[in-house]
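> Handing you a structure now.
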Amino acid sequence: MSIGNSNSPEEERPSTDDRSEDRLVERSVEEPSIGTALKKARIAAGLTVDEVSSITRVRIPIVHAIEEDDFTRCGGDVYARGHIRTLARAVHLDPAPLVESYDAAHGGRPAPTPAAPMFDAERIRPERQRPNWTAAMVAAIVAVIGFVGFTAFGGGDEKEKRPVAEGSASPKPAPKQTGGKPAAQPSQVPPAAKPEPSDSAIAAAPKDLVTVVLTADTGESWISAKDSTGRLLFDGTLVQGESKTFTDKESVDLVLGDAGVVKLFVNGKEIKDDFQPGQVERLTYTKEDPSRDQPQAG
């Protein structure tokens, strides 16, 4: 009886699990993850996370999370895909392959979401509003500046309490009443009209606060505004021509439902980002905004 080699050809072949593992290792070496690709491109561009956050308006914790391939802080697939595009452009990468990689790992491209449900997801039940004394103080300062400008440049003799139109008759004293009750005197000063938002009026706001003024310029837009503590300042729709002012000691967080129709002033400067009609924007502004490299009005 002969004794042969006990190792059969099947035993010499690598197992299926070993081949699968080798393919996974090769793929991981060839194709870096989304976060790794973004991080390497940022370092190659000589940018810090703080600088990328300032350029893209994506918060620093979210930038860190995405570079670690953690997309749970993005708020959903739609926002995650948008953040990936924004960060890729900031570090000079083509965003299309990264978005395709994200879709492949998360069940494919999400179906278009109607505007109203998306806004509803952003909304929270508004808290009971307390009087905003800071906003009232800013409004009072703006009203005083408007009145001083009206009286200083309205013309007429300084001794006169109100201007008289050229060519009109001099005001006559009111006739005396004999019935005992004095005649009602007309108001000496006409009520000051509410000034439109402008660089000069907004610049009068206290320098130790961040002041944000929104105006629905070419249409209506749903907006949400929160202060630095996360307290909801406003949640609703601005009709065309309507303005809202928000202030805080540290920062103001905004969600613009249709950023393309909104005119935006921050700390006395107009923000002229190229927002498209129908575009949803998440923005955060502090006392140091706008940054030096950001385009400003005027």
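> Which residues, counting only those in segment 233-253, are part of a strand (DSSP E or B), closer than 23 Å to Thr286 by Cβ and either among the basic types (Lys, Arg) or more than 14 Å from the chain's Cα centre (by Cα) (or both)?
Leu238, Ser243, Lys244, Asp248 - these are the residues of segment 233-253 that are part of a strand (DSSP E or B), closer than 23 Å to Thr286 by Cβ and either among the basic types (Lys, Arg) or more than 14 Å from the chain's Cα centre (by Cα) (or both).
> Starting from segment 87-100, take each residue that is open to solvent by less than 60 Å² (accessible area, probe 1.4 Å) and list its partners that are assigned to a loop (DSSP other than H, G, I, E, B) and at pLDDT 90 or above, counting only C-beta distances under 6 angstrom and pairs at least six apart or across chains.
Once the first residue is open to solvent by less than 60 Å² (accessible area, probe 1.4 Å) and sits in segment 87-100, its partners that are assigned to a loop (DSSP other than H, G, I, E, B) and at pLDDT 90 or above give Val91/Ala45.
> Filter segment 231-287 down to residues that are closer than 17 Å to Val58 by Cβ, open to solvent by less than 20 Å² (accessible area, probe 1.4 Å) and aliphatic (A, V, I, L, M), then give me how many there are.
7
> Can you pull out every residue in segment 261-279 that is of a type outside the set (D, E, K, R) and assigned to a strand (DSSP E or B)?
Val262, Leu264, Phe265, Val266, Ile271 - these are the residues of segment 261-279 that are of a type outside the set (D, E, K, R) and assigned to a strand (DSSP E or B).
> In addition: Check whether at least one residue in segment 78-85 is of a type in the set (Lys, Arg), on the phi < 0 side of the Ramachandran plot and either open to solvent by 60 Å² or more (accessible area, probe 1.4 Å) or at pLDDT below 95 (or both), and report yes or no.
yes
The values are calculated or read from the model by the stated rules, or taken from the named source; none is laboratory data. This one's a predicted model, so the numbers in the text were calculated from it and none came from an experiment. Reconstructed Cβ throughout: ideal geometry from the backbone, glycine too, with neighbour counts over all protein chains shown. In case anyone asks, the SASA skips ligands and DNA or RNA and just uses the protein heavy atoms, side chains included. Shrake-Rupley method; radii C 1.70, N 1.55, O 1.52, S 1.80 Å.
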